[in-house]
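Worksheet: the structure to be examined is printed underneath.
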Amino acid sequence: MDKRVEPKLLAAVPAPEGSPDKKGKDKSEKSSKKESKKEVPFSEDIAEEVKPKHKRGELLIFIVFTLLYTLAVLFGRPTEETYYLRQNIISQLVSVQWKNIVEADQFYDYIRTDFVEKITPDPSEYASMSIESRRTIMGYNLIVGAIQVRQVRIDSEACDAIPPGMETVLSRCYGSYSASGQSQNSFGPPGEEGKYTFSERGGALRPLTRGELGSYPASGYIEPLSLNRTRTIELVDQLQADGWISDKTRAIFIEFSLYNPNVNQFLTVRLLGEIPQSGGIITSFAVNSIRVFRYLSTISIGIAVVELLFVAMLIYFMVSEIIAFARLRKQYFKSRWNILDWINLLLLWVTVIIRIVVLVTSMEITIDLTSEETLDLERISSLMDFEAQIASLNIFFIYFRLFEYIADVPRMDQLFRTLARAGIDLALFFIVFTIVFLAFALSFYTSFSLYLAEFRTIPQTIFTLFRVLLGDFDFENMYKANKILGPLLFFLYVVVMFFMLFNMFL
């Protein structure tokens, strides 16, 4: 029989250096090493993590810091009682008669009737009333300082474009309001041209009053109104007879301040009528609540202690960031967390400075019910409003910074890595969305700006289209304004934005 020799398995012999197998193995090892180097966790990336990992103690300190700032902000905001107080004032003063004002005579009629009936006491009881009773309106709200009417005027200018044949009829025109064109010249009826004089109030630091058509200064032509109803009506009659509101008038104001001791709140009340160069009057109002005297009750003293602790911790975090910057130098700003920290810290110092300025200014305010001078609360009101806006950003930044301290948790690290890798795709989608959205905004503005208030300006059109994305729209008005472009633009907007862009992104 033939004997078959079973082949023996040869032992693996290492390939000589330079052989193809050896080279392939070396390349695979090198590529695996490179890939392993690329797969660095997000929290350990040098560009993202130039600080040492946060310890639990640092997290607890930051949580305490966050809670202190939250308490300080919430205490400074108006309470529910203040909300109802403001709504009561608005419902009393902003009547249907005020909203329907479209010409100067109606403005005078509003002061003579609706306004004085709610602000001034009954003439038959005025002489026997105490000063406090005369100034008490709408419950227990005290009028502090003077009640005044004020107007902002412009200078006339030469007409740029006059139709042929009308040069002899038209010689002067009156444009829209601008700071450079504001008039400071005295005026009055024939024979009394200097009766009404310009009054400068507050200088350059005085806040502007924002309206529908522009922003107006605190200066102007001021006439005080009396708590005596008869005198106020006589003054208004005289203003109307003298033509106080004329073609040069661009804004008229009714201004006064209230104090409610039950809730320790001041309120600044302003009724504004804007006169566009095309004619008519656009009415609006502003009622702002101010807590001037903050530290009077036992609770407020406790909040003052909280604010001092917050400032101490703010100094601690500021010093910590300065030390980290001194140690890391150029590497410090490679971390986006560090940039966010500095933005947050600087904004927090802005709120601290504003709070100190308001506190110092409030010490100069005294309530004198016998005084007929205007109580200057506008500067404090604007500062506190600005502080509230900055605080809204700070609250977001502080709570968002909590992720910096919990980024060492593996699951959170995975989330940040995912967001970082999707950053380019998100940016590209945002660019495409912005281009398409602006195209539709300009189309809607061009089609409906003359007919619908929601599209009267480009910013208003952008806000309206954002509301459409949330399902808040009035298709019937668009259809009535333009029976062809209305449905067409609306249909294209919904299809492109909802069914194409959003679905493609999701």
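Rule-based calculations on the coordinates, nothing more; no lab input. All of these numbers come straight from a predicted model, not from anything done at the bench. Neighbour counts run over all protein chains shown; Cβ positions are idealised from the backbone, glycine included.
Would you mind working out the magnitude of the charge dipole of the range 422-505 relative to its Cα centre, with +1 at each Lys and Arg C-beta and -1 at each Asp and Glu C-beta, to the nearest 20 Debye? Mind dumping the intermediate values first?
On the way: 4 positive and 5 negative charges, 42 e Å.
Dipole of the range 422-505, to the nearest 20 debye: 200 debye.
Quick one: Karplus J couplings for the range 118-127, per residue in order, coefficients 6.51, -1.76, 1.60, θ = phi - 60°, nearest Hz, x for Gly and Pro?
Couplings: 9, 9, 9, x, 4, x, 6, 10, 4, 5 Hz.
Could you tell me which of rounded, prolate or oblate describes the range 227-323, using a ≥ b ≥ c as the square roots of the eigenvalues of the alpha-carbon gyration tensor, with rounded for a/c under 1.5 and, failing that, prolate when a/b is larger than b/c and oblate otherwise?
oblate
In terms of the Cα gyration tensor, with a ≥ b ≥ c the square roots of its eigenvalues, is the range 80-290 rounded because a/c is under 1.5, prolate because a/b exceeds b/c, or oblate?
Prolate is the answer for the range 80-290, as a/c is 1.5 or above and a/b outweighs b/c.
In sequence order, what are the phi-derived ³J(HN,Hα) couplings for the range 325-338 according to the Karplus relation 6.51 cos²θ - 1.76 cosθ + 1.60 with θ = phi - 60°, rounded to whole Hz, with x for glycine and proline?
5, 5, 7, 9, 6, 5, 5, 4, 7, 6, 8, 5, 4, 5
Need one word for the range 422-505: rounded, prolate or oblate. Basis is the Cα gyration tensor (sqrt eigenvalues a ≥ b ≥ c); a/c below 1.5 gives rounded, then a/b vs b/c decides. Show your work: numbers first, answer last.
On the way: a/c = 2.45, a/b = 1.86, b/c = 1.31.
Taking the square roots of the gyration eigenvalues as a ≥ b ≥ c, the range 422-505 is prolate.
Where the only charges are on Cβ atoms (+1 Lys, Arg; -1 Asp, Glu), what is the dipole of the range 178-302 about its Cα centre, to the nearest 20 debye?
620 debye
How many angstrom lie between the C-alpha centres of the range 338-387 and the range 445-504?
What the calculation gives is 41 Å, centre to centre.
Compute the signed sum of charges (Lys and Arg +1, Asp and Glu -1) over the other residues within less than 11 Å, Cβ to Cβ, of residue 387.
Value of the local net charge: +1.
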